[in-house]
Amino acid sequence: MENRDYTLIIDKSGSMSTPDQPGGRSRWDAAQESTLALARKCEQFDPDGITVYLFSSRFKRYDNVNSSKVAQIFQENDPAGTTNLAAVLQDAANNYFQKKAAGQTKTGETIVVITDGEPDDRKGVMRAIIEASRQMERDEELAISMIQVGSDATASRFLKALDDELQGAGAKFDICDTVTMDDMADMTLAEVLLNAVSD
């Protein structure tokens with residue numbers, strides 16, 4: 001885990017307010033708890049903090065986020081809007097390659113996406129991941145981990161396809177890994193997130 005950068009992309013579309021998590025909490029609350037756990041974990045390895053994006057129809061990026069900043073970000077935002085995942089993924093990948101070109105990257109970056117629904121533009125998401133893989137020189141340079149909260153079956157199928165089918169569709173490396181609710185049966189979202197980044 002050390003000597004990597006971590007970027008967390010969190011879905012704040014309207015459906016994230018659904019209260020279907022353990023203890024009757026919303027998906028949004030679960031995302032906040034797991035973001036906090038990741039920020040604390042990363043503070044040990046990555047003192048300059050993590051990058052956090054929140055996205056729905058539009059996205060916003062927060063740089064150098066530490067655990068005390070996480071609560072503030074969640075207080076300033078409420079779930080609303082659609083799931084424009086393609087735009088935010090594109091921005092996160094571009095951000096990495098810009099830093100790489102400027103010689104500011106570590107050994108690589110892990111991008112973790114917490115989402116609950118099917119994206120507005122499936123093809124755009126696939127294109128963003130395939131294009132990112134084509135700019136890479138090494139397989140482990142960029143890793144994208146998709147974590148699904150909630151149990152939307154269409155979203156599960158789509159995320160699975162990102163994991164299994166992109167190399168056949170022209171990706172240079174298999175950089176996308178997916179964790180669904182079924183995989184998470186006995187784990188909290190926070191545990192799944194920490195597993196994804198240390199894997």
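Quick look at the numbers
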{"read-out": "Alpha-carbon centroid distance for the pair the range 59-94 / the range 1-41, whole angstrom", "value": "11 Å"}
{"read-out": "Shape of the range 1-89, Cα gyration tensor, a/c cut at 1.5", "value": "oblate"}
{"read-out": "Amide proton proximity set for ASP121, modelled H, under 5 Å, gap of 5+", "value": "LEU85, ALA86"}
{"read-out": "Cα gyration tensor shape of the range 1-149, rounded if a/c is under 1.5, else prolate or oblate by comparing a/b with b/c", "value": "oblate"}
{"read-out": "Phi-based couplings in Hz for the range 97-106 (Karplus 6.51, -1.76, 1.60; Gly and Pro marked x)", "value": "5, 5, 5, 4, 4, 8, x, 10, 9, 8"}
{"read-out": "Simple spin-label estimate for ALA102 and ARG25 in nanometres, 7 Å along Cα-Cβ", "value": "3.5 nm"}
{"read-out": "Two-site label geometry, GLN167 and LYS60: point separation in nm, points 7 Å out along Cα→Cβ", "value": "4.0 nm"}
{"read-out": "Order by protection proxy (mean Cβ within 10 Å, highest first), peptides 52-60, 75-83", "value": "52-60, 75-83"}
{"read-out": "Shape call, the range 139-199: gyration tensor on alpha carbons, a/c limit 1.5", "value": "oblate"}
{"read-out": "Sequence-distant residues sharing a close amide H with VAL113 (under 5 Å, placed H)", "value": "ILE9, SER145, MET146, ILE147"}
{"read-out": "The range 5-198: relative contact order in percent, alpha carbon pairs under 8 Å with at least 6 residues between", "value": "24 percent"}
{"read-out": "Charge dipole magnitude, Cβ of K and R +1, D and E -1 - the chain, Cα centre, debye nearest 20", "value": "600 debye"}
{"read-out": "Segment SER68-ASP139, extension gain: residue separation times 0.36 nm, minus the distance between their alpha carbons", "value": "22.3 nm"}
{"read-out": "Neighbourhood charge, 12 Å Cβ-Cβ cut-off, centred on LYS172 and excluding it, Lys, Arg +1 and Asp, Glu -1", "value": "-3"}
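Since every read-out is calculated from the coordinates, none of them should be taken as a lab result. Model, not experiment: these values are computed from the prediction. Neighbour counts are summed over all protein chains in view; Cβ atoms, including those assigned to glycine, are modelled from backbone coordinates with ideal geometry.
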